[in-house]
Structures are given as structure tokens and as C-alpha cells.
Amino acid sequence: MSVIYSGECAQFQLNTKSFTYLMQVRNDYLLHLYWGEKLDERDHSYMFWEQGRAAFSPRQENCEGFILDDIPLEYPCWGRGDMRTPAIEIINPDGSNIIDLHYESHDVISGKPELKGLPAVYAEKSDEAETLIITLKDSVSKITVKLYYTLFEALDILCRHAEIINDSDKSVFINRAMSASVDFDRKDFDIISNYGTHCRERNIERSPLKYGRFNMSSRRGASSHVHNPFLIMTSPSANETSGDTYGFVLVYSGSFTAEVAANQFSSARTIIGLNSEEFGWKLHSGESFTTPEAVLSYSPCGLESLSANYHGIFRTRLCRGKYRDTRRPVLLNSWEACYFSFDEERLKKIGTCCKDIGIELLVIDDGWFGVRDTDNCSLGDWVVDRRKLPNGIEGIYNHLKPLGIDLGIWFEPEMVSPNSDLYRAHPDWCIHIPNRPRSQGRHQFMLNLSKPEVCDYIYESVAAILKSGMIKYVKWDYNRNMTEIANEKLPADQQREVTHRYYLGLYSLLERLVTTFPDILFESCSGGGGRFDAGMLYYMPQVWTSDNSDAIERLKIQYGTSLVYPLSSMSAHVSASPNHQTGHVTPFDTRFTVALTGSFGYELDPTSLSDEDKASVLRTAGIYKEYGERICNGTYHRLRNPHEENCSAWCIVSENKDTCIAGYVLTKVRMYENNERIRLRGLKKDWIYIERFSGREYSGAELCGYGIPAPLTLEYQSLLWIFERKE
Ligand code: DGJ
């Protein structure tokens, strides 16, 4: 049992394999007592002591109740004396901005309920998860809040969300509704987050928490390249293998906020949820509102083990579909091979070449529809361009089929070009404010997915291509952020609902598509990693990690992404050298070694490769086919940090520990400094492993204790080792 309720002390003890999360009801308030290393089952009431500080902060009920500003609250409200960042803010029918939630009841159920219309972690069997639902009520406004806590005991995961119900006979406005809030009794934490931009996504920032607020958010209508919807808190000395680490990840693809505030008494409050700078929701009488889900985890053993918790839950209980547990097909994507310049003949030549070099799937990227010779037209017109493909998609399919190569295709369905038949027919379908200019990003507008008729159009036009059965893979792109946000069909006081309604529309559209076409592998993309988030992973098990396909740059991007997202979700391709984005010239094997840590493919024109490079593609595609499944389901160990050193190293250990794939890349010259060795992790110390390429034998103890020599001196050189257990 993960949820233990003690009526005597009104205490909720939530246990996983490694942590305990503790709450208690006092004076009808739901308090947070503790989150950290696993505790024994007993009355832990002593952990709450009211310190009676907070001059100027009012005390409840005739000076006898709590000073709310100075106690750890589980779902803090605005308006009754807690001056810190609230989890919830409600505007009542009389205009007052107050809500005061008190404990009403609770319930424990096995399994995990779905979040209606929203992506969420799921339980495959009812006994692998247990859910506590705590009901809180404001008796004056008649607003009920149900807090959901689902524990995946074996995976060290706690999923949270809130449901807000209006039991009154009037409408109220939700100004803020966080998915989770946690109060800590101290502020001595480091905060780790991602920052970046297009082609430089998910760099890592680590900084000590200071008084005031650390806020990381997006108001772009997408989770964005700039920040990512998660944050990690650690003890100041924590590293990859030791120390307290706390994770908060939002399962959402739109604007978000994640914040830690250190307050006057040196305690800290962390919140994560919808970004209330742009969000608002009118909750009519009798209606309810469900927040997105926050996935929390804790490890006392450092970042690597926190990441492993997230990799485990996201890979096996967030991603879905037939590709969830398997290696993905080795694909070749046409974008960096041809950009918009292709026709049937060129694609056929590429397809023929693919057969000889071990490629399993050819993706036709942007440019196959409308009259799209550049990026300034045709989005929305999902009809084959017969100038380029006179025999339609079928012409390519019929060529590839006898070669045993599958076909994939690119869409950017959420967008419309001003120069398109769709826009000419429905100028009101894009997101806009009547009488204001419409901003363009990459010469395009965004379709307004808060309108059901727009979602229906997208479904029909994408499904029309997919239902031929010729397509096995879809790359779903998204290349601008939202401006002039409105939906003229909603009343003025509901305009702040539009971005969230957009995502509800997108999620329901994606659900329709992935359930109608369960055999298609969907890959999410947003100019690379502009929407690399747990929300999209529910529908699409992999994401084009970055438009920067340079292996050296990818070291940092993939390292940062691995903090919470599994390797199987990171689409990684071997691209041409010199690289198209950076001009870096890198050896083929370095590009391969880096791409091998993700869902693997190629991003180059195979017809222009030398015979030597073609042989390299064939050889490396073979290695991925052999080890892809073990990589996809293995445990990832970050051994050298490219954000801090002039190198990167990692290893991936298969579930049964009998295979280990290790990589090392030097990013700067190191003259005569070739005494580097890489100590591996995760192997069985008393097993003997044979390294595939050299045939040498090592014990697990040697590989983890002494390590493996990496005597490189020249930049962009790399080493790849594959160790297999000796039978
Ligand atoms: C942005 C994507 O990230 C690229 O891979 C490519 O698909 C282009 N869009 C096509 O326009």
C-alpha cells in the first residue's frame, strides 16, 4: 500500500520505494509535513511546529488560529493571510479575490484515473498505482478542489493534479490553478533548469536559490525552445551520483510556469502549472476544471537516479503505441538532403540508394504539397504537388515497396500560409484579433485550434493522406509561436481561455489521429525542440531534438534533454559533414556515436556519399538495428558533462546489465593530455565483459573502478565501446 492514512493523527503518509511524502490535517487546513527519504510508518506530527513568527502577517480566527504565512500548506490559497505565491486564485461573483480551502474528506482508489482531455501518465495494471483524492472546500464560495495524488511505488513517482468544481449557482473566474505546490522548510537548494533557443535547446543552468523568486516560464503558446516545463531542486552538494534531488515536470505543451520562491523565514515554495500571466477560466455553475498533470519524483542518490525515474515513467507509462518498447526504424529524412528541391526522380534515386545502405524508412519532409518551393506558401493545403510528384505519394510508395523501404511524411497541420487556398477560403480560421494586423512567423499564421471546426478540418485533411495505408511515419512540425490571441466566438470575459482551449483542441485532435492510425509512428517537432515536452510524448513517442544536427552541438543538447526525457524520445540523426548549421567537419564515426544515443536515423543525401561513407552508413545502421532496443530500454549514465568540460562521455546499460554501450567525444584539442580514462557505471562488478571492437576482456569491477582508457587528443575525435557479458 502506498497511501497510509492515520485517522488518529489525521496524517497521510505516501510511500514509494525510496521516498515518503507527508501531509496532515490541522484546524481543517491541509498541511505539508515532509518530502524526502523514506520514513517508517508512524505518527510524524512532531514535524509540524508553529513558530509563531510573522509580525504583520495576520493570524486566523480571533488570534487563535494559524499564521498562514508561516506554515507549510499543501495547496495554498490567496486572500486569507498567506502572502507567498498561491496555488490557486479565484475571483468571486462579488469581485473579491479570495478562496479559503478546508479539508472535507478523502478517498483512496487503486490505479489511476484519466485526466479528461489531457495527456497524463497512465497505469497499465490497477495494482501498479494507487491514488489518494483529497477534497477541500470553501464553504462561503462553494468551490470544491479535489487534489489527486497517484503513486507509482516501484517507479518512485508521484503524479499530481487538481480539479476545481463550482458548486455555487453563479460563475467564478479561475485566475490561477497550479498543478502542484510543495512547501519546503529550508531554502538551501540549487535549482537546475533548461534554457536555450532554436538550434541551442535545453542547455543546463544550475544556480543556488536566493531570496525572491526563481521563475522559469513560457508565455509563447508553446512549451518552447527557451525554457522547458520542468525544474529540479537539489541539495547544494548533489551531483550525478549522490545528494537529494527533487523533480517537477509538467505534462503540458503550452505556456507554463515553474517557480521556486525563498521567503522571509528561509523556507521555499515550489509551484508548477499553467502560466497565469495569460491564463484565466470562467467556471460556470456546476462545471469543473482540471489542471494539467505534474509528475514529481525524488531521489536521495543524485541526478542520475532522478533522471532514471523520469526515463522509466515517461518511456513506459506516458508514451504509448506499438513503438513504445521497441527500437524505431532506421530512417533517412529528406530535409537536409534536398530541402524543398526534390521531385519523384530524385526521391526514387534516394530510395534506391537507401536499400543498399540499410535504411528502413524514407521520410519526405517539407515541400511535397501545394506549390511549396520555399517556406512562404501552401501550409494548410495538404494536397500533393503534382509538379514534383506526378504520380502522387503512390509513385514513391510503389518504388519503395519492392525495395522493402517504408515511407514517412511531414506535416505542419497547426499552421496556415497567407498564400494558401485554405486561408483564402477561411481567413477567420487563424488566430487573430479582428481589426488588428496579423503577425507572421516564418511567413505563416497559426490555425485556431480552440475552434472545433478547425480541428475537424485538420483531422480530415491529414487523415485523407494517411488512410491510403502507405504512410508508416509522420513528422508533425510546428514553426512559430502565438500572437494576437483571441477567439471571436468566445465572449470577452473568456478570451484568457484561448491558449488552453487551443491545447485541449490539439490534444483531442491528436488522440483521434493516433487511435485511428495506431500503426503509424508519430514524431513531434517544432523547429527541432520547441515543443519537447511530456504533453507531446503522450501522443508521439519521439521528438526531433533540435534543428541543430551538428554532433558536437548535439552533445550539450542531448545531455540537457536527458535530465528528464528518455533516450528513446530523442530523435538523433547522422548528418552531412561539413554540418549545414555550424560548418563543423566531424568524422563519420563521431556523428554516429552521438546519434546512437537516441532514436536513430540519417539526415543527408545518400546519393552524394563516397563509397566509404556509404559503407559507414550500412555498418552503423546495422549496429543500431542490433542494439537499438537495448539503447531504447537501457539505463543512461552521464559520465562527463559537455556543459562543463571539453568532452562528453556516457554509457547505456541494458536492463539485464549484460550489454553496455559507452561513448566519448573530445570537443577541444588536448595536446599530450591523453591520460583520460572513463569510469563506467551500472555494470555487474563480478561479470566479465568482452568489448566488441577490440575483443578485449574486462571485469565489471575494472570498467567501473579503473575505467577504460580514452587517449584522444584531437578535437571531434570519439570512441565507441560496446561491452557484452561473456557467457
Ligand atoms: C523545421 C524542422 O525542424 C526541420 O527538421 C524541417 O522539417 C523544417 N521545419 C521543414 O520546414
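The values are calculated or read from the model by the stated rules, or taken from the named source; none is laboratory data. Just so it is clear, the model here is predicted, and its values are computed rather than measured. Cβ coordinates were reconstructed from backbone atoms using ideal geometry, including for glycine residues, and neighbour counts include every protein chain displayed. In case anyone asks, the SASA skips ligands and DNA or RNA and just uses the protein heavy atoms, side chains included. Shrake-Rupley method; radii C 1.70, N 1.55, O 1.52, S 1.80 Å.
Tabulated values for the structure
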{"item": "Between region 1-58 and region 535-606, the Cα center-to-center distance that results, in Å", "result": "44 Å"}
{"item": "Length released on extending from residue 442 to residue 656, taking residue separation times 0.36 nm less the Cα-Cα span", "result": "72.3 nm"}
{"item": "FRET efficiency estimate (nearest 0.05) - Cβ-Cβ, residue 726 to residue 607, R0 56 angstrom", "result": "0.85"}
{"item": "Spatial separation of Cα centroids for region 88-121 and region 125-157, in angstrom", "result": "9 Å"}
{"item": "Ordering of 699-709, 549-559, 266-276 by packing [mean C-beta count within 10 Å, highest first]", "result": "549-559, 266-276, 699-709"}
{"item": "Helix-only [θ]222 nm of the chain, DSSP H runs n ≥ 4, -39500 (n - 2.57) each, per residue, nearest 500", "result": "-5500 deg cm²/dmol"}
{"item": "FRET efficiency, 1/(1 + (r/R0)^6) with R0 41 Å, evaluated for residue 102 and residue 489 via beta carbons", "result": "0.60"}
{"item": "Unit Cα scatterers, Debye sum, region 331-633: log10 I(q)/I(0) for q = 0.07, 0.09, 0.13, 0.16 Å⁻¹", "result": "-0.27, -0.45, -0.94, -1.37"}
{"item": "Mean Cβ neighbour count within 10 Å, used as a protection proxy, ranking 686-698, 711-723 highest first", "result": "711-723, 686-698"}
{"item": "Eligible aspartates and glutamates near residue 112 by straight Cα distance, threshold 14 Å, same-chain separation 8 or greater", "result": "124, 127, 128, 130, 153, 293"}
{"item": "Ranked by how many other beta carbons lie within 10 Å on average, peptides 107-113, 49-55 from highest", "result": "107-113, 49-55"}
{"item": "Which listed pairs, of 142/451; 142/489; 170/282, have C-alpha distances above 22 Å, in listed order", "result": "142/451; 142/489"}
{"item": "Equivalent ellipsoid dimensions for region 647-725 as semi-axes, Å, which come from the Cα gyration tensor, largest first", "result": "23, 12, 10"}
{"item": "Helix axis angle, 551-561 relative to the chain longest principal axis, alpha carbon, degrees", "result": "20 degrees"}
{"item": "For residue 623, solvent-accessible area (1.4 Å; no DNA, RNA or ligand), Å²", "result": "10 Å²"}
{"item": "Theoretical FRET efficiency, 1/(1+(r/R0)^6), r = Cβ-Cβ of residue 674 and residue 696, R0 22 Å, to 0.05", "result": "0.75"}
{"item": "The chain, relative contact order [Cα under 8 Å, separation at least 6], %", "result": "10 percent"}
{"item": "Dipole of the chain [Lys/Arg +1, Asp/Glu -1 at C-beta], most positive-end residue of 235, 573, 444", "result": "573"}
{"item": "Under 17 Å from residue 684, Cα to Cα: aspartates and glutamates that are on another chain or at least 8 residues apart", "result": "655, 658, 697, 702, 724, 727"}
{"item": "For a label point 7 Å along the Cα-to-beta-carbon line of residue 205, residues of region 234-270 with backbone N under 19 Å", "result": "234-236, 246-250, 255-263, 269-270"}
{"item": "The chain, dipole about Cα centre (Lys/Arg Cβ +1, Asp/Glu Cβ -1), debye to the nearest 20", "result": "1100 debye"}
{"item": "Residue pairs, from the table 467/625; 614/657; 349/657; 348/467, whose Cα atoms sit over 30 Å apart", "result": "614/657; 349/657"}
{"item": "Per-selection Rg to Rh, region 458-556 - Cα, Kirkwood hydrodynamic radius", "result": "1.04"}
{"item": "Set of lysines with alpha-carbon distance to residue 556 below 18 Å, sequence-local pairs under 8 removed", "result": "668"}
{"item": "Rh by Kirkwood over Cα pairs, then Stokes-Einstein D for the chain at 1.567 mPa s and 4 °C, µm²/s", "result": "48 µm²/s"}
{"item": "For residue 406, residues with placed amide H under 5 Å, excluding near neighbours", "result": "361, 362"}
